[in-house]
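Structure, as structure tokens:
The values are calculated or read from the model by the stated rules, or taken from the named source; none is laboratory data. Computed from a prediction, not measured in an experiment: that's the story for all the values here. Virtual Cβ from ideal backbone geometry, glycine too; neighbours counted across all protein chains shown. Only protein heavy atoms, including side chains, enter the accessible area calculation; ligands, DNA and RNA are left aside. Shrake-Rupley method; radii C 1.70, N 1.55, O 1.52, S 1.80 Å.
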4 protein chains.
Amino acid sequence: MIQFQCDYNEGAHPTILQRLTETNMEQTVGYSEDPYCEQARELIRKACQNDNIDVHFLVGGTQTNTTVIAHTLRPYQGVISAVSGHINVHETGAIEATGHKVLAIASSDGKLTASQVEGAVMAHRNEEGPEHMVQPGMVYLSFPTEVGTVYTRSELEAISTVCRKYKLPLFVDGARLGYGLCSPQSDITLPQLTELADVFYIGGTKVGALFGEAVVITNEALKRDFRYSIKRHGGMLAKGRLLGIQFATLFTDNLYLKISQHAIDEAMRIKAVLQESGISFLIDSPTNQQFPIFSKAQLETLGMKYNFSYWQQMDDEHAAVRICTSWGTKSENVDSLIEDIRRMAK
Amino acid sequence: MIQFQCDYNEGAHPTILQRLTETNMEQTVGYSEDPYCEQARELIRKACQNDNIDVHFLVGGTQTNTTVIAHTLRPYQGVISAVSGHINVHETGAIEATGHKVLAIASSDGKLTASQVEGAVMAHRNEEGPEHMVQPGMVYLSFPTEVGTVYTRSELEAISTVCRKYKLPLFVDGARLGYGLCSPQSDITLPQLTELADVFYIGGTKVGALFGEAVVITNEALKRDFRYSIKRHGGMLAKGRLLGIQFATLFTDNLYLKISQHAIDEAMRIKAVLQESGISFLIDSPTNQQFPIFSKAQLETLGMKYNFSYWQQMDDEHAAVRICTSWGTKSENVDSLIEDIRRMAK
Amino acid sequence: MIQFQCDYNEGAHPTILQRLTETNMEQTVGYSEDPYCEQARELIRKACQNDNIDVHFLVGGTQTNTTVIAHTLRPYQGVISAVSGHINVHETGAIEATGHKVLAIASSDGKLTASQVEGAVMAHRNEEGPEHMVQPGMVYLSFPTEVGTVYTRSELEAISTVCRKYKLPLFVDGARLGYGLCSPQSDITLPQLTELADVFYIGGTKVGALFGEAVVITNEALKRDFRYSIKRHGGMLAKGRLLGIQFATLFTDNLYLKISQHAIDEAMRIKAVLQESGISFLIDSPTNQQFPIFSKAQLETLGMKYNFSYWQQMDDEHAAVRICTSWGTKSENVDSLIEDIRRMAK
Amino acid sequence: MIQFQCDYNEGAHPTILQRLTETNMEQTVGYSEDPYCEQARELIRKACQNDNIDVHFLVGGTQTNTTVIAHTLRPYQGVISAVSGHINVHETGAIEATGHKVLAIASSDGKLTASQVEGAVMAHRNEEGPEHMVQPGMVYLSFPTEVGTVYTRSELEAISTVCRKYKLPLFVDGARLGYGLCSPQSDITLPQLTELADVFYIGGTKVGALFGEAVVITNEALKRDFRYSIKRHGGMLAKGRLLGIQFATLFTDNLYLKISQHAIDEAMRIKAVLQESGISFLIDSPTNQQFPIFSKAQLETLGMKYNFSYWQQMDDEHAAVRICTSWGTKSENVDSLIEDIRRMAK
């Protein structure tokens, strides 16, 4: 079976494994205080064009979201998120486990708008007894979103402006950041994101690493004692250099964006053939996740050779699935899928 | 500098890296539901001589302790631990972060005794208003302990008996399990441990893996929904197979115990020369962590070539340090250290 | 100003103050282990026609909701609630503070339906990876609801049946229980509620007491160690007898229902005159909370003499307000309000 | 039986009940925003000789401790307390329930010293990896302590100085504040305490009120959003005026200190006769709690007429008990006890 199920079906970019092997028996101190982590931090500072950011390395996305959010909020505050946000849906209540409510806002495309954020803050402030309700304390958004959509630069600027107006730190979940930055619909760069967000992370798990997320903190107030929060949430990797080596590799020779571009290219080839074939989509995604709506018969045909993620039942006869490409997707597998879709469409 | 600072200075046993490289571009499903994890589970069941255990893979020790303890306790219960227990000292309050008190019990050698456990339970029950105090809900102990000591089989049996009498699940932190099992003072086997504990883990991070801890659950009541708890605490690795491959490798051809034995052999060589040289110890450890007490002058001499962990100031002129060996310790480095200790002692 | 703002504008039923005064200098043990609490428990058991219930006394509603929910759920579980449920809106995240997500379900009338509950459970179970989401662990509903509506007996039976089918404890928030039981639309009795719920409470704060909620636990599994949970959440009143004396008074000579009936009678008089006057309602409430929609001009007129709670803006010219009666509402104040509404309507 | 078991055996000072009765059917807004609470705040500001303090009313001690501590600490911080501190022993883990560790410090007399506090902070800062341990974030002490001892003004000044040096808010648990201020060994006044503490509370439950604790916040940084924290912890009393009326009464005509003085006078009479009779004490307490050590025979004799709290077994034949007086202790009961002790001693 060929897997298009998710963007973590393979291991890591081969260069990463090679670097891990080369450095394997070197001795370094633990907990990300080694030279490889320092090197990775420097490379990320360069890529972000900002010398004044703190960079921390964590292992996975849920852990990172939990750590950043619990570190940022006061106890009685909640985090504003699209209702489809990963923290609201797919983290088994990890945010609530830290004592905070996710303040979920309706969204049909996985995105928040600046006016929604402002509306939520104003609604809270206009309450007669606001202290009876959770106070909005920060904004969480995913770039790209869980359904593959991307914010434009101006949309992010508008949200960032509202956040600064109301002193709400803006946190960007970049579990798939590379795929967002390389999307044909995206007009934002890493340095620009660094300016707009108070804290964000550069996803490694889904973009070429074995695992790992690089948290970038730009907001001074959030920098203090972040390592305590990492440890408290079980995210301080003993052999922290594994993260340093991986991110140093990804940020050498522009590897991170190169392999992200590959995933986007392959996804766009699939998207094009689906469109040609008259297949409709649950949502128009410009990134590595595509959400075509297939009939039962189509799913049966394709399902003999390919694995997709079941996403949503549309009606008795149709369901939306998720097709993912990634840094590791083989072009011949995409060729094969394209051919099979074409054949099916005839 | 040669590092004897801790047991996570190197990467992983080379066979593990080789296996990760060989399998790198294979496609598997995520979240430890892949065939490699299943294989590792089978191998661990065999090593434990018990087909009825649940085996889960987590990334690190603090995460594992937190997940197991929060999964096991009722909200108003606490976990009994030696005052020197890792959960009580070195996890930045990760247990308290889940709402539970660590019920710390005095210990001079890092170990709990059965009578201490029974005493704590009885003291609680004999309170006039026990509901005003945290109820003891489980017992945590480390094997080997944080100061390198090991429980004998009969000590563990006695604790296990008390735990079952009072229905307190017994949780064994095996971050360094291999080094405990291979200790010359240890008379317990993995299958015996499996019988005595309700839940324990087999440490990978410190024993040959890049990272990873294998949780073994024997108590039926604790098995239910454990995967929810893993996810809630951010411990569900997306590319779970990385854990499966590592533990499958460690539990093939007895590799886990073989490399543990190496660490013990090297530690015993160091211990012997220290003893010959008239160096005293903070504690008599039969495992891979040794705690010699050096004078300032000795520390300066050795400190030019070797890194140890500073452990405890003894008096103005003396301090105890920790010297760690591991699966990855090179014998020539130990030779060198031995020679230097001898030279210094003359 | 005459207050119709809420149902806790006055102190307590005079008999309660008289009993507190009579017993004031008696000496009793603390923490609700005194004879008055025992008497109150017996009276409540009689009123519920069930000798096998546990009865506990807490101080306020948020505290009670938090204590019951945190006591009932496993860590990774959440509580199903109508989106308008008090726990989801007006408790400053007190439930999330205990680590649990409120699983909010859409509702236009403040009520849940049995099929919504079943749907939520089934949706969860049918997930591919249910452990990535919060597991529904119990059901919370308010009787009457936050918008004054009541469940019929058959509606509650249907919900209770679904709950038992899926082993979800059913928790009924009875902060205004008396007003629900006395509603003309209600066909359920206290003994019937006792049979259908796993745990519920009889609100005192809003129904004649200075403060206090009596928690009734029918489900055996939830009885164990509940006093620990009360204490852990800061709800164990030192002078517990204050609660015992109040509830013993309320459950003597049927006082609780008599004074509830008074509130309903007064509310129905107001409702009738509003209807006669052509005023429309946000929702058709058969209990002590009424939600008429007034024009700006009407609000200005009535606002000179009466305080209501602002509830919801309907359009530029109209807003819904809440008018509350209670056990303590004076009939002459209602007479006055009725007259003023009539005058205004002319 | 005559109760000397605790200081909450009776109801409230009769004037309080009288005021509650007089105001009972008045209508006020809820949640401590009524005129009575405002009046009480003003009276407390006057008594503290400080116009710039925030005053909040909560219901009980555990709730107050939890709310203040959770409001003050960052997530990874803990609270320094004597090992015998109420928060460490008798609150069923309520502090840990909010995610924070109690950093317990040894104490033989229930008191902390400035050098212990400084030592704890320095020990933490001198750790190689301090982020692996809970960071001391505030200091909690009880005045008087749980064993009846009091801090002198200079002791408190020294602690306060250390706290300010290291930016640790100082929180004084004043559940029995009146009994501390009136102790013959105490040389501190309420205005002085207000200057030294960042936040403290004036206990009502044990000093004349039915219930209630008045939290005084002097530290600007802690004032923000405190009402959110009260609500989140279930401590926002609906009929908040009950607290306002009680504290307004206690702070009118110096009632609070007058009735505290009564308790001290009665306790000193008991202490004197015990000393005369050659009874030894567990600890030398200058407040309303006395801890004499009785033989079995003595306990049997006195136990026929009086209830004390069992405190600690001393040897096979002797046990320490707690004898409490309070605002409500009747002098004739003390007369009787004194006579019986004298008779027993002959």
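At-a-glance table
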read-out: When residues of segment D:298-326 are limited to those that are open to solvent by 70 Å² or more (accessible area, probe 1.4 Å) and part of a loop (DSSP other than H, G, I, E, B), the one farthest from D:Leu257 (Cα to Cα); value: D:Asp316
read-out: Flag if C:Thr64 is under 30 Å from C:Ile270 (Cβ atoms) and facing chain D (nearest Cβ under 9 Å); value: yes
read-out: Lone qualifier among D:Ile259, D:Ile264, D:Ile245 - being at pLDDT 95 or above, away from chain C (no Cβ under 14 Å) and not in a loop (DSSP other than H, G, I, E, B); value: D:Ile264
read-out: Residue among A:Ala114, A:Ala97 that is farther than 30 Å from A:Lys231 by Cβ and either more than 14 Å from chain B (Cβ to nearest Cβ) or open to solvent by less than 30 Å² (accessible area, probe 1.4 Å) (or both); value: A:Ala114
read-out: Any hit, segment A:9-25, residues being basic (Lys, Arg) and more than 14 Å from chain B (Cβ to nearest Cβ); value: no
read-out: Members of segment C:146-161 found to be part of a helix (DSSP H, G or I) and either open to solvent by less than 10 Å² (accessible area, probe 1.4 Å) or within 14 Å of chain B (Cβ to nearest Cβ) (or both), listed by number; value: C:Leu156, C:Ile159, C:Ser160
read-out: Within segment A:73-94, tally of residues that are within 14 Å of chain D (Cβ to nearest Cβ) and without any contact (Cβ under 8 Å) to a residue 12 or more places away in the chain; value: 0
read-out: Any chance D:Gly204 is closer than 20 Å to D:Glu42 by Cβ, within 14 Å of another protein chain (Cβ to nearest Cβ) and free of Cβ contacts under 8 Å to residues at least 60 places away in the same chain; value: yes
read-out: Any hit, segment C:81-97, residues being under 13 Å from C:Asp173 (Cα atoms), under 15 Å from the mean Cα position of the chain (by Cα) and of a type in the set (D, E, K, R); value: no
read-out: Filtered residue count, segment B:100-111, keeping only those that are crowded, with 24+ Cβ neighbours inside 10 Å, part of a loop (DSSP other than H, G, I, E, B) and of a type outside the set (D, E, K, R); value: 1
read-out: Residue that is at pLDDT 95 or above, aromatic (Phe, Trp, Tyr), closer than 19 Å to D:Val59 by Cβ and out of contact with any helix residue (DSSP H, G or I) (no Cβ under 7 Å at 6 or more places or on another chain), where the choices are C:Tyr31, C:Tyr36; value: C:Tyr31
read-out: Leading residue by the ranking (nearest to the other protein chains (Cβ to nearest Cβ)) among those in segment C:26-53 that are under 22 Å from the mean Cα position of the chain (by Cα) and of a type in the set (Val, Ile, Thr); value: C:Ile53
read-out: From D:Ala209, D:Ala197, D:Ala238, residue being within 14 Å of chain C (Cβ to nearest Cβ) and buried (at least 24 other Cβ atoms within 10 Å of the Cβ); value: D:Ala209
read-out: Helices (runs of 4 or more DSSP H) lying entirely in segment B:1-88 (those with 3 or more residues that are open to solvent by 50 Å² or more (accessible area, probe 1.4 Å) and not charged (D, E, K, R)); value: B:14-22
read-out: Residue in segment B:322-333 that is in contact with a Pro (Cβ under 7 Å, 6 or more places away or on another chain) and not aromatic (Phe, Trp, Tyr) present; value: yes
read-out: Residue match in segment A:282-297 (condition: aliphatic (A, V, I, L, M), in a helix (DSSP H, G or I) and within 21 Å of A:Ser336 (Cα to Cα)); value: yes
read-out: Any hit, segment A:291-314, residues being more than 14 Å from every other protein chain (Cβ to nearest Cβ) and in contact with a Pro (Cβ under 6 Å, 6 or more places away or on another chain); value: no
read-out: Within segment C:235-259, tally of residues that are farther than 29 Å from B:Pro130 by Cβ and either in contact with a strand residue (DSSP E or B) (Cβ under 8 Å, 6 or more places away or on another chain) or of a type in the set (A, V, I, L, M) (or both); value: 5
read-out: Cβ pairs under 6 Å, 6+ apart, first in segment A:164-182 and open to solvent by less than 10 Å² (accessible area, probe 1.4 Å), second in a helix (DSSP H, G or I) and aromatic (Phe, Trp, Tyr); value: A:Gly178/A:Tyr256
read-out: Residues being more than 7 Å from every other protein chain (Cβ to nearest Cβ) and in contact with a strand residue (DSSP E or B) (Cβ under 7 Å, 6 or more places away or on another chain) - total across segment D:219-234; value: 5
read-out: Residue among B:Thr329, B:Thr252 that is surrounded by fewer than 18 Cβ atoms within 10 Å (Cβ to Cβ) and of a type in the set (Val, Ile, Thr); value: B:Thr252
read-out: Where B:Met1 falls short, out of the listed (1) in contact with a His (Cβ under 9 Å, 6 or more places away or on another chain); (2) at pLDDT below 95; value: (1)
read-out: From D:Phe281, D:Phe247, D:Phe291, residue being surrounded by fewer than 16 Cβ atoms within 10 Å (Cβ to Cβ) and hydrophobic (A, V, I, L, M, F, W, C); value: D:Phe281
read-out: Residues located in segment A:117-145, provided they are in a loop (DSSP other than H, G, I, E, B) and either open to solvent by 30 Å² or more (accessible area, probe 1.4 Å) or away from every other protein chain (no Cβ under 12 Å) (or both); value: A:Asn126, A:Glu127, A:Glu128, A:Met133, A:Phe143, A:Pro144, A:Thr145
